Amino acid sequence: MPVLPSVAVVILNWNGKGFLEKFLPSVCRSSYGNLQLYLADNASSDDSVAFVQEHFPQVKIIRNPKNNGFAGGYNQALQQVQADIYVLLNQDVEVEPGWIAPVVALMEQDTRIAACQPKLRAYNDREAFEYAGAAGGWMDILGYTFCRGRILYTTEKDTGQYDDAQDVFWATGAALFIRAHCFHEVGGFDAAFFAHMEEVDLCWRLQRAGYRISYCPQSLVYHVGGGSLPQGNPRKLYLNFRNNLMMLWKNLHPADRWIVLSQRFFLDLLAALKSLVAGKPKDMAAIIRAYRDYRRWKRRYDAAQDQLPRRKLLQMTGVFHGIMIWRYYFLGRKKFSELER
C-alpha cells in the first residue's frame, strides 16, 4: 500500500481566539491519515495560544517573535515545518472531515501541480461561493484578479457549474495546498506584501517556474472572510492596489509592462476620482498612498534576485484575454461564464 504524502495544516493566527474556538474543532476532525496540525502565532496579545494549548494539545505551536503579516509570518513559520505538502489555512475557515484527501489525490496525479485549492463557499451563505477564492483564481490582461464564481463583489450561488477540476492562475491563500519543495524553490511569499495578493504573486512565480496551479471541486470548505481587514477598509484597499502593482512589475514580461501599467495608471486614477465623488476621500487617499509606496518600492527592487523565466501574460494558464472590468461594468457580465460572450 503506497505511503500517503505527509501533510501539515498550518493556521496563521493573530489575536484570533474567537475564530479558533469556532473553527479549530472542525480542522481537528480532519480524517487524513498522515497529518500534522500547527498553529503559527504572529505575536498575539490575546490568550489564543494558551487556549489552543489547553483544549487542543495535538496542535503544535510555532511562535513568531513579531507580526510580519500573512506573507512574512508564513515564511518564518514554515521554516520549522517538515511535510511533503503544506496547507495554509485561514483561522476563519470551517472544513469537512474528508477535505484533504481529494486535493492530495489530484496533486499526486501530476508532480507539476505545485499548488491547489478546494472549493470555497461562504460560511454565512453556505450555498454561495466565497469572495477570497470561490472556484479558483483568474487574472485578466491588465492584472485584475477575479474567480470562477466571483467577479469583483458579485458572487454566484454554487449550482455545480464549476464542478470540473481545472488549472487556474492562482489558488486562494485562505486554504492553499502547496508542495513544500515548490514553496521554497521559488522563495516563498514576498514578505514586502505583508498581506493581500501574496498568494497570487506566489502562484504567478510558480507558473513561471513551469508548475501548474489547480482547483479541486471535490474538496469543500467554508470561509468567513474579512477576518483581519473587512471589505471597504481603506487599509485593505491600499494593500490591494500597492501589492497588485508590485506583483505586475515583478512578474510581467518586459514587453508587457509598459502597456499594462500605463493602462492601469489611467484606470486607477479613475477609481480614485470615483471614490472622491462618492464621498470616500479616505479611499482616494489609500490609492494615492499605494502608488507612492509602489514607486518607492520599485526604486529599491532588485530584479537580479528573480532568476525565473518570464513569460508573456497571454501565454499563461488562467488568464482571461480581455478586460474584466469593461465586461463587468459596461456589458453587464456579472458571472464568470458570461465573460467570453
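The values are calculated or read from the model by the stated rules, or taken from the named source; none is laboratory data. Keep in mind that this is a model prediction, so the values were computed, not measured. When we count neighbours, we look across all protein chains shown, and the Cβ atoms used for this are built from the backbone with ideal geometry, even at glycine.
Values as computed for the structure displayed
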{"read-out": "Residue in the range 216-227 that is at positive phi and either surrounded by 16 or more Cβ atoms within 10 Å (Cβ to Cβ) or in contact with a Pro (Cβ under 6 Å, 6 or more places away or on another chain) (or both) present", "value": "yes"}
{"read-out": "Residue among Arg235, Arg257 that alone is surrounded by fewer than 24 Cβ atoms within 10 Å (Cβ to Cβ), within 22 Å of His321 (Cα to Cα) and out of contact with any strand residue (DSSP E or B) (no Cβ under 7 Å at 6 or more places or on another chain)", "value": "Arg257"}
{"read-out": "Pair list, Cβ under 8 Å, 6 or more apart: the range 252-272 residue free of Cβ contacts under 8 Å to residues at least 60 places away in the same chain, other residue among the charged types (D, E, K, R)", "value": "Pro254/Arg310; Ala255/Lys312; Asp256/Lys312; Ala272/Asp283"}
{"read-out": "The listed residue being touching a strand residue (DSSP E or B) at 6+ places or on another chain (Cβ under 9 Å) and without any contact (Cβ under 8 Å) to a residue 60 or more places away in the chain, out of Arg300, Arg289, Arg327, Arg295", "value": "Arg327"}
{"read-out": "Search result, residues across the range 51-84 that are touching a Cys at 6+ places or on another chain (Cβ under 9 Å) and either among the hydrophobic types (A, V, I, L, M, F, W, C) or modelled with pLDDT under 95 (or both)", "value": "Phe56, Val59"}
{"read-out": "Residue list for the range 89-104, restricted to those being within 19 Å of Phe194 (Cα to Cα) and outside any strand (DSSP E or B)", "value": "Asn90, Gln91, Asp92"}
{"read-out": "Looking only at the range 296-341, and only at residues there that are part of a helix (DSSP H, G or I) and among the charged types (D, E, K, R), the one that is nearest to Tyr215 (Cα to Cα)", "value": "Glu338"}
{"read-out": "Meets criteria (touching a Phe, Trp or Tyr at 6+ places or on another chain (Cβ under 8 Å), within 26 Å of Ser219 (Cβ to Cβ) and either of a type in the set (A, V, I, L, M) or not in a helix (DSSP H, G or I) (or both)) for Tyr86", "value": "yes"}
{"read-out": "Residues of the range 1-11 that turn out to be touching a Phe, Trp or Tyr at 6+ places or on another chain (Cβ under 6 Å) and over 18 Å from His181 (Cβ atoms), as a count", "value": "0"}
{"read-out": "Which listed residue, of Val103, Val93, is under 19 Å from Gly160 (Cα atoms), of a type in the set (A, V, I, L, M) and either under 15 Å from the mean Cα position of the chain (by Cα) or crowded, with 24+ Cβ neighbours inside 10 Å (or both)", "value": "Val103"}
{"read-out": "Those residues of the range 136-176 which are of a type in the set (Lys, Arg) and over 22 Å from Gln91 (Cα atoms), in sequence order", "value": "Arg148, Lys157"}
{"read-out": "Every residue from the range 295-322 that is among the hydrophobic types (A, V, I, L, M, F, W, C) and either surrounded by 13 or more Cβ atoms within 10 Å (Cβ to Cβ) or closer than 14 Å to Ile141 by Cβ (or both)", "value": "Trp297, Leu308, Leu313, Leu314, Met316, Val319, Phe320"}
{"read-out": "Test set (1) under 28 Å from Arg126 (Cα atoms); (2) surrounded by 24 or more Cβ atoms within 10 Å (Cβ to Cβ) - Trp204 fails condition number", "value": "(1)"}
{"read-out": "Elements of type helices (runs of 4 or more DSSP H) in the range 173-275, at least 3 residues being under 15 Å from the mean Cα position of the chain (by Cα) and of a type in the set (S, T, N, Q)", "value": "234-251"}
{"read-out": "Test: Ala195 is surrounded by 17 or more Cβ atoms within 10 Å (Cβ to Cβ) and at pLDDT below 95", "value": "yes"}
